[in-house]
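J.: This structure is in structure tokens; I'll ask about it shortly.
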Amino acid sequence: MRRRDFIKAIAGSTAAWPISARAQQQPMPVVGLLNPTWPDTTNTDRLRAFRQGLKDTGFVEGENITFEYRWAEGQNGRLPALAADLVRRQVAVLFSSGGSSVALVAQRATNAIPIVFIVNDDPVKLGLVKSLARPGGNLTGINIFNAELTAKRLGLLRELVPAATRVAVLVNPANVAIAEATLRDVEAGADTMGWKIKVLNAGIGRELTAAFATFVNEPVDALFVGPDPFFSSRRVQLAQLAAYHRVPATFATREIAEVGGLMSYGTDFLTSYRQVGVYAGRILKGEKAADLPVVQSSRFELVINVSTAQMLGLTVPPSLLSIADEVIE
């Protein structure tokens, strides 16, 4: 090789090297998670489903995406600051998990970063999207219908405890959107059933204990626990308190029935988390949240804990057992 050609070859390879190196060192896109609770077992299982949805679209944590987690640990007042922190981090997609209130906080934090949500009320009514078919902004996701399932849950509770006339309803006042929808729908259903309703509020652990303590002087025939992430995170405490006070209770998530709660009816969260993971992956590939229709949850689960029913002296009617998706012996 002539000396001039050799020098050109070396110069060309040297000039190309920094470009190649820079390309290899480009940071991976970041998926931000905003959640009002804790990184407990329930959230671990659900996030595994979310990651599976991302994997279905070609994204694997640690290989071509990374995660930033922000947990409010039961303090909803921290959510705006946590959302702002994810925005400053310039995440590629923000996953708002934990209900309508969290999605509204995320929406107020940014109108530029794509947001995928899981909510339990109509996102159009909440002002999160313009329409279900064409969201139109930077948000899309899944409506899991927990608020709309209230009438069905009340009917199942009446079938299990037909003699009930005094029913308590437990809500988290810190989660205003869910609490208001739950109370509105429970009160409407209770009127048709002739039930007298007692409202209980709890947003921290000791308030749960205090709420159940009221049953000593003001006994109730049954308890309806609202669909709230805080209650899922306190599932063991809830199941134990209901057992201790011997009150038949219905819950919105299967995880509570699995640890001793009497009965649950609600969406299949693992399927929902996987679906929203797929949406996050599609956005990372270049699709716009504005063009991805809001998914309407279509899979719901009835779980009955027969062991708990026996402990409470209840006989589960065959009509309920025949339609249950799972019966825990």
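Just so it is clear, none of the values below were taken in a lab; they were calculated from the coordinates. Quantities reported herein were computed from a predicted structural model and do not represent experimental measurements. Every residue, glycine as well, gets a Cβ built from its backbone with ideal geometry; the counts of neighbours run over all protein chains shown.
J.: Classify the stretch 172-253 from the C-alpha gyration tensor, please: rounded if a/c falls under 1.5, else prolate or oblate depending on whether a/b exceeds b/c. If you can, show how the numbers build up before the last one.
T.: Working: a/c = 1.68, a/b = 1.11, b/c = 1.51.
Oblate, since a/c reaches 1.5 and b/c is not below a/b.
J.: Shifting gears a bit: Provide the net charge surrounding K196, with neighbours chosen by a C-beta distance below 14 Å and charges set as Lys +1, Arg +1, Asp -1, Glu -1.
T.: -1
J.: Treat the count of other C-beta atoms within 10 Å as a stand-in for reagent exposure and order E61, E329 from fewest to most. Before the final figure, lay out the partial values.
T.: Working: E61 14, E329 6.
So the ranking, lowest neighbour count to highest, is E329, E61.
J.: To continue, here is another question. Place the peptides 300-312, 228-240, 192-204, 27-39 in order of packing, highest mean first, counting for every residue the other Cβ atoms within 10 Å and averaging per peptide.
T.: The densest-packed peptide leads the list: 228-240, 27-39, 300-312, 192-204.
J.: Just check the stretch 72-146 against the gyration tensor rule for me: Cα atoms, a ≥ b ≥ c as the square roots of the eigenvalues, rounded for a/c under 1.5, and otherwise prolate or oblate depending on whether a/b exceeds b/c.
T.: Working: a/c = 2.15, a/b = 1.28, b/c = 1.68.
Since a/c reaches 1.5 but b/c is at least a/b, the shape of the stretch 72-146 is classed as oblate.
J.: Please compute the length gained on full extension between R89 and D221, using 0.36 nm multiplied by the number of residues separating them and subtracting their Cα-Cα distance.
T.: Extra length from R89 to D221 when fully extended: 42.5 nm.
J.: Then there is this: From the phi of every residue in the stretch 295-306, what ³J(HN,Hα) in whole Hz does the Karplus formula 6.51 cos²θ - 1.76 cosθ + 1.60 yield, where θ is phi - 60° and glycine or proline is x?
T.: Couplings: 7, 9, 4, 10, 10, 10, 10, 9, 10, 10, 9, 5 Hz.
J.: Using a cut-off of 14 Å between alpha-carbon atoms, which aspartates and glutamates can reach K152, once sequence neighbours fewer than 8 places away in the same chain are excluded?
T.: D185, E187, E301
J.: Between L314 and I204, what length comes free when the chain is fully extended (0.36 nm per residue of separation minus the Cα-Cα distance, one decimal in nm)?
T.: This chain segment gains 36.6 nm when fully extended.
J.: With Rg and Dmax of the Cα atoms in Å defined as stated, name the option among (i) 19.1, 55; (ii) 20.3, 59; (iii) 24.2, 101 computed from the structure displayed.
T.: Recomputing Rg and Dmax of the Cα atoms in Å here gives the entry labelled (iii).
J.: Arrange the peptides 106-116, 279-289 so that the one whose residues have, on average, the most other Cβ atoms within 10 Å appears first.
T.: Ranking the peptides 106-116, 279-289 by packing returns 106-116, 279-289.
J.: Under 9 Å from the Cβ of G277, count the other residues' Cβ atoms, weight Lys and Arg +1, Asp and Glu -1, and hand me the total.
T.: Net of charged neighbours comes to +2.
J.: From the square roots a ≥ b ≥ c of the eigenvalues of the alpha-carbon gyration tensor of the stretch 221-304, which class results: rounded (a/c under 1.5), prolate (a/b over b/c), or oblate? All intermediate terms of the calculation are to be shown ahead of the outcome.
T.: Details: a/c = 3.50, a/b = 2.93, b/c = 1.19.
Note, shape of the stretch 221-304 comes out prolate.
J.: For the chain, set up a GNM with springs between Cα atoms under 10 Å and report which of V87, V171, V102 has the largest fluctuation.
T.: V87
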